[in-house]
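Asks: Would you mind keeping the following structure in view while I ask a few things?
The values are calculated or read from the model by the stated rules, or taken from the named source; none is laboratory data. Since the model is a prediction, treat every value here as computed from it, not as a measurement. FYI the Cβ positions are ideal-geometry reconstructions off the backbone, even for glycines, and counts take in every protein chain you see. Side chains included, ligands, DNA and RNA excluded: accessible areas come from the protein's heavy atoms. Shrake-Rupley method; radii C 1.70, N 1.55, O 1.52, S 1.80 Å.
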Amino acid sequence: MISRMSPYNRQFPERKMILCDTTMREGEQSAGVCFSLQEKMKLARMLDEAGVTQIQFYPGTTEEAHGVVRQIAQMGLEADIVINSVCFGDNWKDNINFSLDCGTDVLHLSYYSTPEVAHHWNEETPEEILSLIDESVRYARSQTDIPIETAFIDATRAEENYLFRQIGTALAAGSDRIHLPDTVGVAAPSAIRYLTEKAVAMAKPYGKIVGIHAHNDFGLALADALAGYEAGASMIDVSVNGIGDRAGNVALAEAVVALEAIYRQPTGVKLERLMELSRYVSQIACRPIPVDKPLVGAQVFSNQDDFHVMAQAKNEFGYRGIRAADIGAEERVFFGKVTGPHVVALMAEKAGRPIAEENVARICAALFRKADEEKGRALDESDFWKTVDEVERENG
């Protein structure tokens with residue numbers, strides 16, 4: 001990606017990154033979002049074609065849900081399919097066997113780590129969970145040689161010694177990947193960095209890797225994921241447009257562009273496919289994209305300030321760090337109270353239509369009034385030229 005970033009950004013050794021898309025798991029855990037089988041299959045293909053490394057699914061508890069996961073797992077995608085096998089109760093072995101029967105490419109095992117998420121937690125629970133981790137990971141390892149991920153739900157609120165006992169138990173039993181979920185989005189980036197560094201140090205002797213699963217309850221999901229990356233994490237869970245439980249998760253486009261542009265870390269994702277993914281998920285989730293949503297919002301590659309527009313006309317990185325076209329977006333100019341003579345001149349040059357100098361101030365004043373009258377609506381190029389026509393008719 002061609003970009004103009006801060007020279008003070010710290011760079012880290014390049015590593016193979018795994019981006020795991022959870023749109024079709026986390027997304028369906030958010031209120032009102034429900035994807036059909038056809039929508040999931042199309043989205044899975046789009047993610048695969050865009051170069052996303054992994055796509056995660058939860059098999060649910062019904063035969064219908066099981067059938068959906070089976071069909072998607074058998075699509076023959078290049079991306080690895082990850083089926084989430086919960087290991088909370090007595091049916092953990094059935095869950096593992098189901099995932100393996102489906103042909104999952106990566107086996108994802110989830111465990112509780114705090115009483116806040118384990119509703120039956122008592123004095124015996126911590127040791128029981130450690131025994132379960134050991135038994136279930138060893139069982140899974142005896143059944144398959146595919147990668148095994150172990151995730152410790154609510155890891156960022158777990159008692160420190162206990163969390164690292166869980167991680168150590170999983171590694172010793174044969175886990176290939178350690179997942180650290182900030183399940184309710186309560187960890188500061190410094191906390192994620194601390195936990196990740198310790199987990200990476202534990203995993204390194206085994207030749208294993210660490211991943212981050214961040215939630216956006218306090219608006220820190222991307223910052224937390226990048227803190228994990230800086231601390232050595234090689235996996236980041238993402239979702240298209242960031243949809244997920246409550247305030248959502250790390251947005252795919254934001255993670256990809258941050259890694260590629262800020263850290264110069266290759267992701268393997270085709271940047272030019274980000275906008276179409278965003279728009280498709282917005283459509284099937286029935287959730288409009290906020291106009292100021294980073295990177296994919298309709299107005300984030302736009303300006304109306306006179307000096308901003310002129311700077312961009314002379315320098316592709318004027319008032320922006322990346323080019324819109326690189327991620328399939330469009331640059332636009334909007335008009336309103338801060339439109340000035342430079343923008344008017346630029347629009348005239350662009351259209352090859354001269355505008356009399358004596359009308360420039362009148363056009364700016366008319367746009368100022370129109371912005372007040374149509375508060376809340378962005379004035380675009382068609383509004384600009386309608387205003388020009390009106391001014392020119394009124395002033396001969």
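Asks: Dipole size in debye (nearest 20) for the chain around its Cα centre, Lys and Arg Cβ +1, Asp and Glu Cβ -1? Please list the in-between numbers first.
Replies: On the way: 40 positive and 59 negative charges, 191 e Å.
Roughly 920 debye, rounded to the nearest 20.
Asks: In nm, give the distance between the simple-model label positions of H66 and Y8, each being 7 Å from the Cα along the Cα-to-Cβ direction.
Replies: Once both label points are built, they end up 5.7 nm from each other.
Asks: Be a star and scan the range 5-27 for residues whose amide nitrogen sits under 19 Å from the point 7 Å along the Cα-to-Cβ vector of S190.
Replies: 10
Asks: Hey, rough spin-label estimate for R287 and E49, points 7 angstrom out along Cα→Cβ, what's it come to in nanometres?
Replies: Each label point is offset 7 Å from its Cα along the Cβ direction, giving 2.3 nm.
Asks: Nearest 0.05, what FRET efficiency do E230 and E374 give at R0 = 35 Å with Cβ-Cβ as r?
Replies: Numbers: r = 45 Å, r/R0 = 1.28.
After rounding to 0.05, the efficiency reads 0.20.
Asks: Accessible surface of Y194 in the full protein assembly, 1.4 angstrom probe, to the nearest 10 Å²?
Replies: 100
Asks: All other residues with a Cβ under 15 Å from the Cβ of G219 taken together, and with Lys, Arg as +1 and Asp, Glu as -1, what is their net charge?
Replies: On the way: positive: R246, K293; negative: D182, D217, D224, D245, E254, D292.
Taking every other residue near G219 into account, the sum is -4.
Asks: While we're looking at this one, here's another question. What ranking of W385, W92 comes out by heavy-atom accessible area, probe 1.4 Å, highest first?
Replies: Details: W385 45, W92 25 Å².
Final ranking, largest accessible area leading: W385, W92.
Asks: Please report the antiparallel percentage of DSSP beta bridges with both residues in the chain, rounded to the nearest 5.
Replies: On the way: 3 of 38 bridges.
Just about 10 percent of them are antiparallel.
Asks: OK, next. Can you put R70, R320 in order of accessible area, largest first, using a 1.4 Å probe?
Replies: Working: R70 90, R320 35 Å².
Most to least solvent-accessible, the answer reads R70, R320.
Asks: Give the carbon-plus-sulfur fraction of the accessible surface of the range 1-160 in %, rounded to a whole number; probe 1.4 Å, heavy atoms of protein chains only.
Replies: Values: 3550 of 7720 Å².
About 46 percent, which is the carbon plus sulfur part of the accessible surface.
Asks: Another question, if that's okay. Considering only DSSP states other than H, G, I, E and B, which chymotrypsin sites (Phe, Trp or Tyr not before Pro) in the range 237-325 qualify as loop sites with at most 16 other Cβ atoms within 10 Å? Write down the numbers at each step before the final one.
Replies: Details: sites: Y263, Y280, F301, F307, F317, Y319; in loops: Y263, F301, F317, Y319.
Within the range 237-325, the qualifying chymotrypsin sites (Phe, Trp or Tyr not before Pro) (loop, at most 16 other Cβ atoms within 10 Å) are F317, Y319.
Asks: Amide H of H108: which non-local residues (sequence gap of 5 or more, or other chain) have their own amide H closer than 5 Å, using H built in the peptide plane?
Replies: Sorted by chain and number, the residues that satisfy this are I83, S85, E149.
Asks: Taking the Cβ of C20 as the center, what net charge do the other residues with Cβ under 12 Å away carry, scoring Lys and Arg +1 and Asp and Glu -1?
Replies: -4
Asks: What net charge do the residues around Y112 carry, taking every other residue with its C-beta under 14 Å from that of Y112, with Lys and Arg at +1 and Asp and Glu at -1?
Replies: Values: positive: R157, R165; negative: E116, E124, E127, E128, D154, E159.
Charge balance near Y112 sits at -4.
Asks: Which angle from 0 to 90°, rounded to the nearest 10, does the C-alpha axis of helix 125-143 make with the longest principal axis of the chain?
Replies: Approximately 90 degrees, to the nearest 10.
Asks: Here is a further query. With the Cα gyration tensor of the range 246-340 giving a ≥ b ≥ c as the square roots of its eigenvalues, does the rule (a/c under 1.5 for rounded; else a/b larger than b/c for prolate; else oblate) give rounded, prolate or oblate? Can you show the working numbers first?
Replies: Numbers: a/c = 2.32, a/b = 1.38, b/c = 1.68.
It is oblate, given that a/c is not under 1.5 and a/b is not larger than b/c.
Asks: List the residues, sorted by chain then number, that are 5 or more residues from I243 or on another chain and whose placed amide H is less than 5 Å from its amide H.
Replies: N249
Asks: Using mean Cβ contacts within 10 Å as the protection proxy, how do 174-183, 36-45, 123-132, 215-224 order, highest first? It would help to have the intermediate numbers written out before the result.
Replies: Numbers: 174-183: 24.4, 36-45: 15.9, 123-132: 14.0, 215-224: 20.5.
Ranking the peptides 174-183, 36-45, 123-132, 215-224 by packing returns 174-183, 215-224, 36-45, 123-132.
Asks: Once you treat every alpha carbon in the range 241-281 as an equal point and sum by Debye, what is log10 I(q)/I(0) at q = 0.28, 0.29 Å⁻¹?
Replies: -0.97, -1.00
Asks: For the range 105-207, with every protein chain kept in place, what is the accessible area per residue (1.4 Å probe, Å²)? Intermediate results must be reported in sequence, preceding the final value.
Replies: On the way: 4410 Å² over 103 residues.
I get 43 Å² per residue for this part.
Asks: Label-point separation (nm) for Y206 and R353, each offset 7 Å from Cα along Cα-to-Cβ?
Replies: 6.7
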